[in-house]
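Student: Can you read through this structure? Questions will come right after.
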Amino acid sequence: MSGIIVAESVRKNFKTGKSEVEVLRGIDLEIQKGEFVSIMGQSGSGKSTLLYLLGALDRPSSGKIYIDGIDISGMSDRQVSRFHRRDVGFIFQFYNLVPNLNVEDNIMLPVLLDHGRPGDYTERLAGLLESVGLEEKRRFTPRELSGGQQQRVAIARALIMDPEIIFADEPVGNLDSKSGTDVMGLLKEVSQKYEKTVVQVTHSAEYAGYGTKVINIKDGVIQPGAFGES
């Protein structure tokens, strides 16, 4: 086992009334440190479910998931909370910013939730604001920003704790094409600059191409030949 992310025979079932639906049907994959992996698939294919399992936002019905050699599927709730705060960052389609906090405070939120000292992150915060192009808007609230700018804040927030892995669920799904292209370019740039492993979910072949590897999933199964370089 050499990958920073490894899934072994992962299955996920959901109950709907008296019946049970199998969403993931035996997923095996390995992602290496520093890769930018795009998971592609149509709606209902299981791609977002897989992302949530890899990020410990949900637990598999069976199988194992290892992050840097640690079996996250066996973690306690307390261990999962710590894992989310320190080891991974998340970027979602709808930004999930706190409306009444400014850009700087939204970025620093993970530090405060982890009971860190904001003063220890002053230099990193300044570097991230520069990387995402928001130095001039650090005191703005989300309502004063465009959608693309809000997603830039979310990217900086995902990086503030210096996690090894960034998970992104349709990171440009709520943006127009120009803003989406800009944000994808930024995500690729920061993944290289900060040497992060990035796993994104997308239904777009164009946006999948920003990664170094593409995994295609259909009906809960990874398709043959899906581990191609983009």
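The values are calculated or read from the model by the stated rules, or taken from the named source; none is laboratory data. Bear in mind the structure is a predicted one, so any value in this text is a computation, not a measurement. Using ideal geometry, Cβ is built from the backbone for each residue, glycine included, and neighbour counts are taken over all protein chains shown.
Student: Does region 156-179 include one or more residues that are in a helix (DSSP H, G or I) and of a type in the set (Val, Ile, Thr)?
Tutor: No; the residues of region 156-179 include none that is in a helix (DSSP H, G or I) and of a type in the set (Val, Ile, Thr).
Student: Which one of these does Ser45 not meet: (1) part of a strand (DSSP E or B); (2) out of contact with any helix residue (DSSP H, G or I) (no Cβ under 9 Å at 6 or more places or on another chain)?
Tutor: Here Ser45 meets the rest and fails (1).
Student: I've got another one for you. For region 22-41, state whether one or more residues are without any contact (Cβ under 8 Å) to a residue 24 or more places away in the chain and either part of a loop (DSSP other than H, G, I, E, B) or within 15 Å of Val221 (Cβ to Cβ) (or both).
Tutor: no
Student: Moving to a separate point now. Given the condition farther than 21 Å from Tyr207 by Cα and not small (Gly, Ala, Ser), answer yes or no: does some residue in region 44-57 qualify?
Tutor: Scanning region 44-57, I find at least one residue that is farther than 21 Å from Tyr207 by Cα and not small (Gly, Ala, Ser), so the answer is yes.
Student: Follow-up. Please specify each residue of region 126-141 satisfying the condition of being in a helix (DSSP H, G or I) and surrounded by fewer than 19 Cβ atoms within 10 Å (Cβ to Cβ).
Tutor: Within region 126-141, Ala126, Gly127, Glu130, Ser131, Glu135, Glu136, Lys137 meet the criteria.
Student: Another question, if that's okay. Looking only at region 59-78, decide whether some residue is without any contact (Cβ under 8 Å) to a residue 12 or more places away in the chain, under 16 Å from the mean Cα position of the chain (by Cα) and part of a helix (DSSP H, G or I).
Tutor: So far as region 59-78 goes, no, none of its residues is without any contact (Cβ under 8 Å) to a residue 12 or more places away in the chain, under 16 Å from the mean Cα position of the chain (by Cα) and part of a helix (DSSP H, G or I).
Student: Against the conditions (1) touching a Pro at 6+ places or on another chain (Cβ under 8 Å); (2) under 24 Å from Thr202 (Cα atoms); (3) modelled with pLDDT of 95 or more, where does Phe90 fall short? Just the number, please.
Tutor: All conditions pass for Phe90, except number (1).
Student: In region 145-171, what count of residues is obtained for those that are in contact with a strand residue (DSSP E or B) (Cβ under 8 Å, 6 or more places away or on another chain) and farther than 23 Å from Pro118 by Cα?
Tutor: Total satisfying the criteria: 5.
Student: From the list Lys64, Lys47, which residue is surrounded by fewer than 16 Cβ atoms within 10 Å (Cβ to Cβ), touching a strand residue (DSSP E or B) at 6+ places or on another chain (Cβ under 6 Å) and either among the basic types (Lys, Arg) or farther than 27 Å from Met184 by Cβ (or both)?
Tutor: Only one candidate passes the filter, namely Lys64.
Student: Filter region 112-123 down to the residues that are surrounded by 17 or more Cβ atoms within 10 Å (Cβ to Cβ) and either within 26 Å of Val172 (Cβ to Cβ) or of a type in the set (Gly, Ala, Ser) (or both) and list them by number.
Tutor: Matches in region 112-123: none.
Student: Sticking with this structure for a sec: Given the criterion touching an Asp or Glu at 6+ places or on another chain (Cβ under 6 Å), over 30 Å from Pro60 (Cβ atoms) and among the basic types (Lys, Arg), identify the matching residue among Arg138, Arg85, Arg152.
Tutor: Arg138
Student: Need pairs with beta-carbon distance below 6 Å; first residue within 21 Å of Lys47 (Cα to Cα) and touching a residue at least 12 places away in the same chain (Cβ under 8 Å) and within region 186-201, second assigned to a helix (DSSP H, G or I) and aliphatic (A, V, I, L, M); sequence gap 6+ or separate chains.
Tutor: Val201/Leu51
Student: Sort out which residues of region 182-230 are surrounded by 17 or more Cβ atoms within 10 Å (Cβ to Cβ), among the small types (Gly, Ala, Ser) and at pLDDT below 90, and write them in order of number.
Tutor: Passing the criteria: Ser191, Ala226.
Student: Return yes or no: is Arg25 farther than 24 Å from Tyr194 by Cα and not hydrophobic (A, V, I, L, M, F, W, C)?
Tutor: The answer is yes for Arg25.
Student: Looking at region 26-44 only, could you name the residues that are surrounded by fewer than 18 Cβ atoms within 10 Å (Cβ to Cβ) and among the small types (Gly, Ala, Ser)?
Tutor: Result: Gly26, Gly34, Ser43, Gly44.
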